[in-house]
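Here is the structure we will look at, set down as structure tokens.
The values are calculated or read from the model by the stated rules, or taken from the named source; none is laboratory data. None of the values given here were measured: they were computed from a predicted structure. Cβ sites come from the backbone with ideal geometry, for glycine too, and all protein chains shown count toward neighbours. In case anyone asks, the SASA skips ligands and DNA or RNA and just uses the protein heavy atoms, side chains included. Shrake-Rupley method; radii C 1.70, N 1.55, O 1.52, S 1.80 Å.
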Amino acid sequence: MRTISYLISPDLFTAHPAYRRGVVAFSGLDNSRPHPQLTQLLRESEQLLRTRISGNPAEVPEIAAWRDAYRQFGAKPSEHRSSIEALTRRVLKPNNLPDINPLVDIGNLLSLRYMLPAGVHPIGEDAAAIELRETNEHDRFLPNVGEETQTIPPGEIVLAEGARVLTRRWTWRQAGDTRTLPATSAVFFDIDGLPPTSEDQVTAAIADAIELVERYCGGTCVGHAVLDATRPSAVFQIDQDVS
């Protein structure tokens, strides 16, 4: 077993005191087999979203909250959209989301069901400490595998493992080497809530994540937590054999 710590910087709660992030870790997964039932759930969630939103997605309260948060750290939300806004706009075109693999599809399904950013990251063999924080001068981001790493402007909110940035602009874009693949067997889900999203909604999304992953990918949920200003960190025990 290996211990992985997960921390949200206190500075983030100074700027966003009601922010909370659900974190759910899994191991022993089978992400290789397509599931028509999961695809059908995704189609149903897409249709419900189209029924719910008839106007400008930027004016939906759950999306507007992320646009405001992005402005606070200097990002232009019209150029760098939060994952929930980008996903919503894609569905409203209307386009069906592609079936990528079960874990990615579950992340998209959770996002649409609860109108919040929900991402999935593989747990690397050497992962030990993960932090959501502002950038520093040592941070590097890999846009795509095979490209050069990039430096990042100071003050941007990133999810990082040491100096390696896993996700830029809070929920905007994952690094090229953090893709969840069919062979991926251990992951963590990030489930983000800014008001008006409530703690109950984040908790419900965590429960859904556990049920969906265990139904379609097997494996084991090795821990989950809702991190907020009163509990900014958690520790997870992960099986050593991960990919």
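The single residue among Asp190, Asp177, Asp200 that is acidic (Asp, Glu), part of a strand (DSSP E or B) and either under 26 Å from Gly74 (Cα atoms) or open to solvent by 70 Å² or more (accessible area, probe 1.4 Å) (or both) turns out to be Asp190. Residues of the range 48-65 that are surrounded by 14 or more Cβ atoms within 10 Å (Cβ to Cβ) and not charged (D, E, K, R): Leu49, Ile53, Pro57, Ala58, Val60, Ile63, Ala64, Ala65. Checking the condition closer than 28 Å to Phe13 by Cα, open to solvent by less than 20 Å² (accessible area, probe 1.4 Å), touching a residue at least 40 places away in the same chain (Cβ under 8 Å) and not in a strand (DSSP E or B), which residue from Leu116, Leu103 passes? The unique qualifying residue is Leu116.
Okay, residues lined up against (1) farther than 27 Å from Asn101 by Cβ; (2) of a type outside the set (Phe, Trp, Tyr):
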{"site": "Asn31", "(1), (2)": "no, yes"}
{"site": "Pro36", "(1), (2)": "no, yes"}
{"site": "Gln40", "(1), (2)": "no, yes"}
{"site": "Arg43", "(1), (2)": "no, yes"}
{"site": "Leu49", "(1), (2)": "no, yes"}
{"site": "Gly55", "(1), (2)": "yes, yes"}
{"site": "Ala58", "(1), (2)": "yes, yes"}
{"site": "Ile63", "(1), (2)": "no, yes"}
{"site": "Trp66", "(1), (2)": "no, no"}
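Here is the figure for the range 23-44: residues that are open to solvent by 60 Å² or more (accessible area, probe 1.4 Å) and within 24 Å of Thr220 (Cβ to Cβ) total 4. Entry remark, the range 66-86: residues being of a type outside the set (Ser, Thr, Tyr) and crowded, with 21+ Cβ neighbours inside 10 Å number 6 in total. Within the range 2-20, residues that are among the small types (Gly, Ala, Ser) and part of a loop (DSSP other than H, G, I, E, B) reach partners that are open to solvent by 60 Å² or more (accessible area, probe 1.4 Å) and modelled with pLDDT of 95 or more with beta carbons closer than 7 Å, at six or more positions or on different chains, in the pairs Ser9/Glu134; Ala18/Pro195. Residue-level analysis places Ala183 among those that are open to solvent by 10 Å² or more (accessible area, probe 1.4 Å), among the aliphatic types (A, V, I, L, M) and in a loop (DSSP other than H, G, I, E, B).
Going by what's in this entry, would Pro98 be described as more than 19 Å from the chain's Cα centre (by Cα), of a type outside the set (Lys, Arg) and open to solvent by 40 Å² or more (accessible area, probe 1.4 Å)? No; evaluated as a whole, the condition is false for this residue.
It is to be established whether one or more residues within the range 212-219 are surrounded by fewer than 21 Cβ atoms within 10 Å (Cβ to Cβ) and at pLDDT below 95. Yes, there is a match, as at least one residue in the range 212-219 is surrounded by fewer than 21 Cβ atoms within 10 Å (Cβ to Cβ) and at pLDDT below 95. Has the range 221-242 got at least one residue that is open to solvent by 70 Å² or more (accessible area, probe 1.4 Å), closer than 19 Å to Ala128 by Cα and of a type in the set (A, V, I, L, M)? Looking through the range 221-242, at least one residue is open to solvent by 70 Å² or more (accessible area, probe 1.4 Å), closer than 19 Å to Ala128 by Cα and of a type in the set (A, V, I, L, M).
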